[in-house]
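The values are calculated or read from the model by the stated rules, or taken from the named source; none is laboratory data. Fair warning: this is a prediction, and the values are worked out from it, not measured in the lab. Neighbour counts run over all protein chains shown; Cβ positions are idealised from the backbone, glycine included.
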């Protein structure tokens with residue numbers, strides 16, 4: 001039987017696409033690169049079909065065959081486009097209500113993100129959320145690689161039992177990170193991947209946070 005959300009003691013949150021509604025901006029930033037290089041853009045539906053980790057596979061899915069050096073150059077250009085407009089993004093509906101409700105039930109919170117750690121810290125502060133989290137774990141660079149190894153370290157740093165942790169994400173890779181931690185996972189299908197890409201992962205899937213808020 002599925003545990004109640006309030007039976008957990010700690011929530012680990014992915015940031016981009018899960019709490020922050022930035023899928024549209026990531027698609028726009030990718031399209032800026034494509035247009036600059038003379039390639040046709042991708043629409044938001046196609047973007048959510050091809051998005052995956054590590055992000056180098058996104059470029060491969062649209063016909064690029066980047067080596068490490070060219071991928072890193074693309075990442076720099078992508079991040080420049082993203083950072084220019086990131087403050088236009090909003091949190092997903094009911095995100096703050098869900099965090100507050102879980103906090104009222106006694107849960108603590110942390111963030112585990114592929115977003116570079118300094119940018120993550122600054123962005124959390126911009127949205128007034130930096131005080132909500134015990135720990136904010138961002139990536140070592142801007143290239144959005146795997147989170148699995150960092151997920152294991154993240155759990156060890158928190159000093160909480162896996163059975164007391166719930167992980168909230170929006171992609172199949174978040175399910176992989178949760179599995180690496182040995183914790184339960186909920187994926188919200190309002191982010192970087194369609195619900196159809198999340199089905200069959202043996203984790204709970206919701207369309208949005210309203211469904212979870214209703215359970216508090």
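Rundown of residues vs (1) surrounded by 15 or more Cβ atoms within 10 Å (Cβ to Cβ); (2) touching a strand residue (DSSP E or B) at 6+ places or on another chain (Cβ under 9 Å); (3) assigned by TED's automatic domain parsing to the domain that holds residue 18, yes/no style:
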position	(1), (2), (3)
130	yes, yes, yes
139	yes, yes, yes
149	no, no, yes
157	no, yes, yes
162	no, yes, yes
170	yes, yes, yes
173	yes, yes, yes
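Can you tell me which residue among 105, 136, 114 is more than 17 Å from the chain's Cα centre (by Cα) and either at pLDDT 95 or above or at negative phi (or both)?
Every option except 105 fails the conditions.
Of the numbered conditions (1) without any contact (Cβ under 8 Å) to a residue 60 or more places away in the chain; (2) surrounded by fewer than 21 Cβ atoms within 10 Å (Cβ to Cβ); (3) under 16 Å from the mean Cα position of the chain (by Cα), residue 187 fails exactly one; give the number of that condition.
(2)
Report whether or not residue 39 is within 18 Å of residue 187 (Cβ to Cβ) and either crowded, with 20+ Cβ neighbours inside 10 Å or in contact with a helix residue (DSSP H, G or I) (Cβ under 9 Å, 6 or more places away or on another chain) (or both).
Spelling it out, it is not the case that residue 39 is within 18 Å of residue 187 (Cβ to Cβ) and either crowded, with 20+ Cβ neighbours inside 10 Å or in contact with a helix residue (DSSP H, G or I) (Cβ under 9 Å, 6 or more places away or on another chain) (or both).
When you go through 78, 53 one by one, which is the residue that is part of a helix (DSSP H, G or I) and in contact (Cβ under 8 Å) with a residue 40 or more places away in the chain?
78
Please give the number of the condition residue 34 fails out of (1) within 22 Å of the chain's Cα centre (by Cα); (2) at pLDDT below 95.
Only one criterion is unmet by residue 34, namely (1).
Only one of these is assigned by TED's automatic domain parsing to the domain that holds residue 18 and farther than 17 Å from residue 92 by Cβ: 189, 178. Name it.
The conditions single out 178.
Could you check, for segment 182-192, whether at least one of its residues is assigned to a helix (DSSP H, G or I) and touching a strand residue (DSSP E or B) at 6+ places or on another chain (Cβ under 7 Å)?
There is no residue in segment 182-192 that is assigned to a helix (DSSP H, G or I) and touching a strand residue (DSSP E or B) at 6+ places or on another chain (Cβ under 7 Å).
How many residues are in contact (Cβ under 8 Å) with a residue 24 or more places away in the chain and either out of contact with any helix residue (DSSP H, G or I) (no Cβ under 8 Å at 6 or more places or on another chain) or under 18 Å from residue 8 (Cβ atoms) (or both) if we restrict to segment 151-160?
Number of matching residues: 5.
Of (1) touching a residue at least 12 places away in the same chain (Cβ under 8 Å); (2) within 19 Å of the chain's Cα centre (by Cα); (3) within 25 Å of residue 207 (Cα to Cα); (4) in a helix (DSSP H, G or I), residue 46 satisfies all except one. Which?
So residue 46 meets the others, but not (1).
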